[in-house]
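The values are calculated or read from the model by the stated rules, or taken from the named source; none is laboratory data. Owing to the predicted nature of the structure, the values given are computational and were not obtained by experimental measurement. Cβ sites come from the backbone with ideal geometry, for glycine too, and all protein chains shown count toward neighbours. These area figures cover heavy atoms from the full protein model, side chains too; ligands, DNA and RNA do not enter into them. Shrake-Rupley method; radii C 1.70, N 1.55, O 1.52, S 1.80 Å.
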Amino acid sequence: MRRVQARVEGTVQGVGFRPFVYRLASELKLAGFVRNDERGVLLEIEGGESAVDGFLRRLAEEAPPLAVIDAVRPRDVALAGERGFRILASPRGGEPAALVSADTATCEDCLAELFDPADRRHRYPFVNCTNCGPRFTIVRGVPYDRPLTTMAGFELCPRCAAEYDDPADRRFHAQPNACPECGPTLRLLPGDHYGDEALRGAAGALREGDVVAVKGIGGYHLACLAGDETAVAALRARKHREDKPFAVMVRDAAAARGLVSLTDEEAALLAGRDRPIVLAPRLDAAAVAPSVAPRSADLGVLLPYSPLHHLLLADVGAPLVMTSGNVSDEPIAHEDADALERLAGIADLVLFHDRPIQTRTDDSVLRAVPDRRPLLMRRSRGFVPDALPLPVPARRDVLACGAELKSTFCLAKGSRAWVGHHIGDLKTYEVLQAFEAGIEHFERLFAVVPEVVAHDEHPDYLSTRHALALEGVETVAVQHHHAHLAACLAEHGERGPAVGAIYDGTGHGSDGTVWGGELLAGDLLGFERVGHLWPVRLPGGDRAVRQPWRMALAWLLEAGWDGPLPGPDARRSEQVAELVRTGVSSPVTTSMGRLFDAVAALCGLRGEVSFEGQAAMELEAAADAAGRGEYELPVTPDGVLDARPTVLAVARDVAGGAGAGAVSARFHATVARATAEAAASAASRAGLGTVVLSGGVFQNRTLLAATAGRLESRGLRALVPERLPPNDGGISYGQVAVAAARGGRAP
Ligand code: ZN
Ligand code: ZN
Ligand code: FE
């Protein structure tokens, strides 16, 4: 006889772990108990030697699908002579570090019930079980138990309570368990319809071309028929000067294949339990309205992930636009009163319910890359709050405040880092509030008390100001592009050193200029700048970001062009040329994003943009897949990518009648070749074999695939972000990795 106590760490709460342990122990005729506590799951088993061994082996092997086991720590304890196996209640108090799981798409078992007329949950839009349903978005605190979720206000009816208490039931301790008797109720405004009537009313309105705000898992969506141009154009107009592509929700992967071209791997991602939006090449025959994704070669598709989505799609019988319920730059609406007010001018109807959303989370976005792992463009619902490991554990708890655009924060304790949900562009009071509330929530959930606070070197980012305003902490400034490099190394479990080609729109450089086309050699601790794009003026600062023609003009002047200058009229062109010559309000930049903007403008694609990176996105979309040829882009011996002849060649090519497709293809090939060449020579000088490709510009899969391919054909290893976005959404984790590595060296 033997008794073993085992602590199980990882994502083991709210995923059916205790009933699994109960069934396993019962099968092996072991006595003992299991319970959730603040650190995960604690269990004790007592029985014969071989049964105990078998239990410990099968514990990890047969764990339920949503469980992620980081560690099982068994130790022998004295025999207790106990009979039977029990599930004990969670204790209160102590330090919570138990991992809350991410929200998960409705499982097959629940779907079968949803569409079964004989089931008591037939057409009930809140059906869920231990294997599926909302988690992170409803959690208010830990341990993960119903009173600490937004389900606290719903008292279980006798039948639901019986399921909840039965270890053999699929809903044993399923915290959001509910049924039409006792759970949340759907409601439709105006008209004030409830339950199934609300659902049928919303579906009918959608079929007739109305815009309906729909309360989802992490916030409100705005929905309308994807094939109805009048409806989509109305939605676009009401969301205000919003040019960003809308995502389309379809019933299943087969329906998705009617809209976009998907590999089997991408189809599997689409149907995964995290249910991201997958951006993939749009088919010519795709029956979606032109206003869904104007000027984009890709279309974002996603599958239903809540029972409500499944019912809506089934009732409407056609693909639906599902876009964040917000006005342009504001955060997605998630609180009912706020949503009703803010979305009143956009939506014709509002379909909502009385289960509160604790934490707003946007849909996550993946982009397929040919022959490579897909890029995660936005990491939020379905992924958050899963922890990422740190290659150098943090000796003291760390908070990292990230950058400004596509902002995230990150908290770390030991070797675990929690990257928060996508917050948005940290430029307004509303977004700052969401950022601060998110940090507080994560600090509580994971019992992190930051002693070290990492931030960007940019003095004016609201994230930097937040960090510097905190009292009683040690602050660590991390250079922006170093953070990009460190994030990619760390997510792969590496410390470096490596060369990094870090290309983005903007980041505060160590020399005070605006960096963004950087070659670094470094590790988690530090870096050296070993190359960069040729510097030019950014005429008018931020205005040059919104008006790519300014960048085209700056580059042409820098390159000695003597032809006509771009601009809306001769007077404006001359004014901007004067800014470039004098340098007034025109900082120096090495931004690769701005070079892409300049080339997009030279191709006549776009003189003005409504969001950063839009011109570059359209330039990539225009690229002719069969395009051939390259432009000149020499790399100087000290690692400077001299794009002046490139810009001149582009301008001459366009003047000679070349189309945007051919120019774009040549330009992409040129930058990929020059980058691989510059990175390879930096790597050989430093004796390194790995090149990290990151920064927002590498969301461009044409550039990413071409550059990585060229590096690999030179015998180098290309390391690219997989678990976090290459854009600034990954910066906070990079800052944490740097702070932890530096903290490890402190006395
Ligand atoms: Zn389920
Ligand atoms: Zn019930
Ligand atoms: Fe960046």
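Observations on the structure shown:
- Extension reserve of the ASP562-ALA271 stretch, reckoned as 0.36 nm per residue once the Cα distance is removed: 99.3 nm
- Over all orientations, segment 132-264 has a Cα convex hull whose mean projected area works out to 11.9 square nanometres.
- Segment 500-719: projected area of the alpha-carbon convex hull, averaged over directions, in nm²: 11.5 nm²
- Ligands, DNA and RNA left out, the accessible area of segment 417-516 computed with a 1.4 Å probe is 49% carbon and sulfur.
- Taken along the Cα-to-beta-carbon direction at a fixed 7 Å, the label points for ALA152 and ASP252 span 4.1 nm.
- The portion of the accessible surface of segment 300-397 made up by carbon and sulfur, rounded to a whole percent, is 48 (1.4 Å probe; DNA, RNA and ligands excluded).
- Compared with the dominant Cα axis of the chain, that is its longest principal axis, helix 229-238 is turned about 80°.
- Here the peptides 580-587, 319-326 are ranked by packing, the mean other Cβ count within 10 Å, and the order with the highest first is 319-326, 580-587.
- A crude spin-label estimate for the pair ARG628 and ALA71, with each label 7 Å from Cα along the Cβ direction, gives 5.9 nm.
- Listed peptides 630-638, 308-316 appear in the order 308-316, 630-638 once ranked by packing, highest mean of other Cβ atoms within 10 Å at the front.
- Averaging the sequence gap over all C-alpha pairs within less than 8 Å and six or more residues apart, then dividing by the number of residues, gives the chain a relative contact order of 11 percent.
- FRET efficiency estimate (nearest 0.05) - Cβ-Cβ, THR263 to SER510, R0 35 angstrom: 0.25
- Across segment 1-64, counting alpha-carbon atoms alone, Rg and Dmax equal 10.8, 32 Å.
- Note on the chain: antiparallel DSSP beta bridges, both residues inside, total approximately 70 percent of the bridges counted.
- Ranked by the mean number of other Cβ atoms within 10 Å of their residues, highest first, the peptides 23-34, 207-218, 126-137 fall in the order 126-137, 207-218, 23-34.
- Where only alpha carbons of the chain are counted, the Rg and the Dmax (Å): 27.1, 93
- Helix content alone sets the calculated 222 nm mean residue ellipticity of the chain: runs of n ≥ 4 DSSP H residues at -39500 (n - 2.57) each, divided across all residues, give -10000 deg cm²/dmol.
- Nearest 10 degrees, 0 to 90: helix 592-602 Cα axis against the chain principal axis: 60 degrees
- Working from label points 7 Å from Cα in the Cα-to-Cβ sense, the SER713 to HIS492 distance is 2.0 nm.
- Cα-derived Rg over Rh, computed across segment 186-361 with Rh taken as Kirkwood radius: 0.94
- Over the chain, accessible surface divided per residue gives 36 Å², non-protein components excluded, 1.4 Å probe.
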